[in-house]
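Here the structure comes first, spelled out in structure tokens, and everything after it is commentary.
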Amino acid sequence: MEVKDLKKLSAEPLEKMLIEKQATLRDLRSSVASNQLLNVRGIRKVRKDISQIKTILTEQKKVQETVSE
């Protein structure tokens, strides 16, 4: 997904996606360790997705804090 699409989602679906991406990253890392994965660029993509999701979640939390004050 693109960042603009992720920003439209609420926190709950983003957290579910984050958990899924973290599990995917764990699987990819174990595949690399056992020399089963040839394309290691997938790890970079998943790490980028995780960081984007975390950034958007942090932004949403800060907006909620400022609104509640």
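No lab work stands behind these numbers, since they all come straight from the coordinates. A quick note: this is a predicted structure, and the numbers were derived from the prediction, not measured. Cβ placement follows ideal geometry from the backbone for every residue including glycine, while neighbour counts extend to all protein chains displayed.
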Next item on the list: Could I have the simple spin-label model distance between Ala33 and Glu2, label points 7 Å from Cα toward Cβ, reported in nm to one decimal?
Entry: 3.7
Notebook entry, point to check: What is the gain in length, in nm to one decimal, between Ala11 and Val40 on full extension, counting 0.36 nm per residue of separation less the C-alpha to C-alpha distance?
Noted result: 7.5 nm
Notebook entry, point to check: Top mean-square fluctuation among Gln22, Gln36, Gln52, Gaussian network model of the chain, C-alpha springs under 10 Å?
Noted result: Gln36
Item checked: Rounded to 10°, Cα long-axis angle of helix 41-68 versus longest principal axis of the chain -> 10
Notebook entry, point to check: With the dipole of the chain worked out from charges on the C-beta (+1 for Lys and Arg, -1 for Asp and Glu) around the Cα centre, which of Thr66, Val40, Leu18 lies farthest toward the positive end?
Noted result: Val40
Next item on the list: Mind checking the full-extension length gain between Gln60 and Glu20? Use 0.36 nm per residue of separation minus the Cα-Cα distance, one decimal, nm.
Entry: 12.4 nm
Margin query: What's the magnitude of the charge dipole for the chain around its Cα centre, counting Lys and Arg as +1 and Asp and Glu as -1 at the beta-carbon? Answer in Debye, nearest 20.
Written below: 380
Next item on the list: Please express the Cα-Cα pair-distance distribution P(r) of the chain as a list of whole percents, one per 10 Å bin, running from 0 to the bin with the greatest distance.
Entry: 19, 42, 24, 11, 3, 0
Note to self: Rounding to the nearest 10 and keeping the result within 0 to 90°, find how far the Cα-based axis of helix 11-33 lies from the longest principal axis of the chain.
What the structure shows: 20
